[in-house]
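Every number in this text was worked out from the coordinates using simple rules, so none of it is lab data. Note that the coordinates shown come from a computational prediction; the quantities given were computed from them, not determined experimentally. Here the Cβ positions follow ideal geometry from the backbone for every residue, glycine too, while neighbour counts run over all protein chains shown.
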Amino acid sequence: MRFKILSLVLPLMFMGLPAPVAQAQTSIKVIVNDQAITSYDINQRARLITLTQRKGGATARRMAEQELIDDKLKLTEAARIGVSIPDSEVNGAYGNIARNVKMTPSQLSTALRRGGVNPQTLKDRLEAQLAWSQVVRRRFQATVKVSESDVIAALKKSDKADQNTSIEYDLKQVIVVVPKKSSNGFKAKRSRESNQIRKAFTSCEDIGSVLSQYSEVVVKPVGRRLETELPEAMRDEISKTEPGQLTKPQQTGRGYEMIAVCDKKEIQSDIAARTEMENELRAKEGEALSRRYLMDLRRRATIVER
């Protein structure tokens, strides 16, 4: 079961917004189970909301305060059940947002700062979303059930009813290894090599001759996968990659990773439409359970507003 993390699309209104005036001092505004939320936290989150949701003034501040309260509760609950989100996963989600708005992570950070937002504000929001997704999945994975009849009924009412084809891929994973304690210079070198490999790559059959020129490059077979079986974060990138090509290098905890598309073909099957509809129904039910879960945490929490 998959619970969809709230996507964040930046409309890039940075140019039209003046940077906020720096505060003379930061004060504690809310305490959530002995954890403080400061005026700086609220101002930063409100500014992010203004940039991403076109809300401003008092509305943005109210939304910011409530979001931050929820984030404290989500992260506390995550810690309680042993969920921890590594920085690499947060940075990966941050990078996905950057790609959605056709920027590099560095360019996104620059754009946020230009709008008066510390990039860490967005990363903190992403950490809470990622942690909560895992918390909800652990708690309700066995609870959320969607029957075949539910899927068929929903398909008949949707525009997916006539989708009788699916895309099947044959994939390999290419990892340009970068040890964790490598210098920035070495990381930059491996980044350049990753792009060189991608440029030289022409087919999975010839992969050995390309990679033999580089050290510490690992190839792992992924095998045949339907489009619906691909991780959501990679699906669009793979769909845009032609057979015999590599996806763009993505920095992870292991180094720079790429996916080789060895084959791509259309098959006669409605499994893609059925799986997509099943995921939509599961997500809808999961979101309802998630809201009730969070409301229960709020009822049991000690929240003091100053």
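Compare the peptides 288-299, 246-257 by average per-residue count of other Cβ atoms within 10 angstrom and give them in order, highest first.
Going by the mean number of other Cβ atoms within 10 Å, highest first, we get 246-257, 288-299.
Length gain on complete extension for the stretch Gln35 to Glu229, per 0.36 nm per residue less the alpha carbon to alpha carbon distance?
65.9 nm
May I ask you to list the trypsin sites (Lys or Arg not before Pro) in the range 41-134 that are in a DSSP loop and have at most 10 other Cβ atoms within 10 Å of their Cβ?
Arg54, Lys102
Just grab the label-to-label distance for Glu287 and Thr110, each label 7 Å out from Cα along the Cβ direction, in nm (one decimal).
3.5 nm
Size of the dipole of the range 182-270 about the Cα centre, Lys and Arg at +1 and Asp and Glu at -1 on the beta carbon, nothing else charged, in debye to 20?
So the magnitude is around 500 debye.
With the crude spin-label approximation of a point 7 Å out along Cα→Cβ, what separation in nm comes out for Ala188 versus Ser209?
Each label point is offset 7 Å from its Cα along the Cβ direction, giving 3.3 nm.
Show log10 I(q)/I(0) for the range 165-268 at q = 0.14, 0.23, 0.24 Å⁻¹, two decimals, from a solvent-free Debye sum over equal Cα scatterers.
Result of the Debye calculation: -0.53, -1.23, -1.31.
Taking the mean number of other Cβ atoms within 10 Å as a proxy for protection, how do you rank 177-183, 204-210 from highest to lowest?
So the order, starting with the most tightly packed, is 204-210, 177-183.
Below 15 Å Cα-Cα, how many Lys pairs turn up in the range 165-268? Only count pairs eight or more apart in sequence, or on different chains, if you could.
Within the range 165-268, the lysine pair count is 9.
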